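What follows is one structure encoded as structure tokens, with my remarks underneath.
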Amino acid sequence: RQPIGGDFGVSARLAEKLLEEPWAGYTYRYGIDIFITSIALATGARVAQADLGSKLHDMKDPLKHLEGMFTDVSGSLFTVASRHVDKWWSISGSTEVELLEGGAMLRCTQPAPVDLKQGIARFKRALAGYASRSVLKELYTEVQEAARRLAGGEADSFPSTLWARVVYRHLAAYARRRSEGVLRSLYACWLGKVAAFIADTAELSDREAELEVQREAECFESEKEYLKQVWGEA
């Protein structure tokens, strides 16, 4: 599902902060939303959400059409995270984001056309072609095993803990060398995580699937010590 709102209201102070930041190439494209949000958090701005109703998109198969978007968003996020390490390093846990208007945020979602079989095949090709052993290190064989489980139709084939550690490995690598290859490697792994999520939630309601997304987020919180461990590795 869409991970972030696409309409923003910003204060004059935040606008000034945004202009003071160096803008990576990703920020000018699909990375702008996550850039605004991340800088707001990094500079201590008050962050809230407003229920403005449903925003409808032309739905695309995430396993087929989103490589450019994924690269821009992850590159923009990783760039901000690399510049503001002091802001997030010591934080643990999370709090609910203030809701200014409205009630329940979850509404009937648009169906997305997904070819899971082709998506799994695309993941396996990308894993062979793009996934970096030097970035993933001890996780490389675990991701390969996840691909085997996914192809075999096993449940929970790409565990949340593994996915959080994969992202953290790539963030740490990107902070050391801002390489497009690091982002392509993460994209290859992401294809597998998306395919596994689709397979695992196929029979769930939208609300039940949203709870799974929240559990994924909680896993990133619990695995933050792993990020600290790998941050300074060569």
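Some points to look at:
- Residue satisfying all of: in the stretch 138-158; at negative phi and part of a loop (DSSP other than H, G, I, E, B); surrounded by the most Cβ atoms within 10 Å (Cβ to Cβ) among these: F158
- Filtering the stretch 13-36 to residues that are under 20 Å from the mean Cα position of the chain (by Cα) and more than 16 Å from L183 (Cα to Cα) leaves W23, Y28, I32, D33, F35, I36.
- Qualifying residue in the stretch 110-123 (condition: assigned to a loop (DSSP other than H, G, I, E, B) and of a type in the set (V, I, T)): yes
- Among the candidates S185, S179, residue that is of a type in the set (S, T, N, Q), crowded, with 19+ Cβ neighbours inside 10 Å and under 18 Å from A81 (Cβ atoms): S185
- Among the criteria (1) over 23 Å from D206 (Cβ atoms); (2) over 18 Å from the mean Cα position of the chain (by Cα), the one E96 does not fulfil is (1).
- Test: residue in the stretch 1-23 that is polar (S, T, N, Q), modelled with pLDDT under 90 and in contact with a Lys or Arg (Cβ under 6 Å, 6 or more places away or on another chain): no
- Where a residue in the stretch 164-193 is in contact (Cβ under 8 Å) with a residue 60 or more places away in the chain and its partner, wherever it lies, is acidic (D, E), with Cβ under 8 Å and at least six apart: A164/E216; A164/E223; R165/E223; Y168/E223; A172/E233; Y187/E67
- Yes/no for T161 being part of a helix (DSSP H, G or I), farther than 24 Å from S92 by Cα and β-branched (V, I, T): no
- Here is the figure for the stretch 218-234: residues that are modelled with pLDDT under 95 and hydrophobic (A, V, I, L, M, F, W, C) total 1.
- Counting the residues of the stretch 119-139 that are over 17 Å from Q229 (Cα atoms) and either in contact with a helix residue (DSSP H, G or I) (Cβ under 8 Å, 6 or more places away or on another chain) or in contact (Cβ under 8 Å) with a residue 24 or more places away in the chain (or both) gives 12.
- Meets criteria (farther than 23 Å from S76 by Cα and either over 18 Å from the mean Cα position of the chain (by Cα) or surrounded by fewer than 21 Cβ atoms within 10 Å (Cβ to Cβ) (or both)) for A202: yes
- Among the residues making up the stretch 38-77, a single one is surrounded by fewer than 18 Cβ atoms within 10 Å (Cβ to Cβ), of a type in the set (S, T, Y) and at pLDDT 75 or above: T43.
- Considering the stretch 95-120, and only residues there that are among the aliphatic types (A, V, I, L, M) and surrounded by 15 or more Cβ atoms within 10 Å (Cβ to Cβ), the residue that is modelled with the highest pLDDT turns out to be I120.
- Unique match (being more than 18 Å from Q229 (Cβ to Cβ) and either assigned to a helix (DSSP H, G or I) or of a type in the set (A, V, I, L, M, F, W, C) (or both)) among R169, R184: R184
The values are calculated or read from the model by the stated rules, or taken from the named source; none is laboratory data. Just so you know, these numbers come straight off a predicted model, no measurement behind them. Here Cβ is always computed from backbone atoms with ideal geometry, including for glycine, and neighbour counts include all displayed protein chains.
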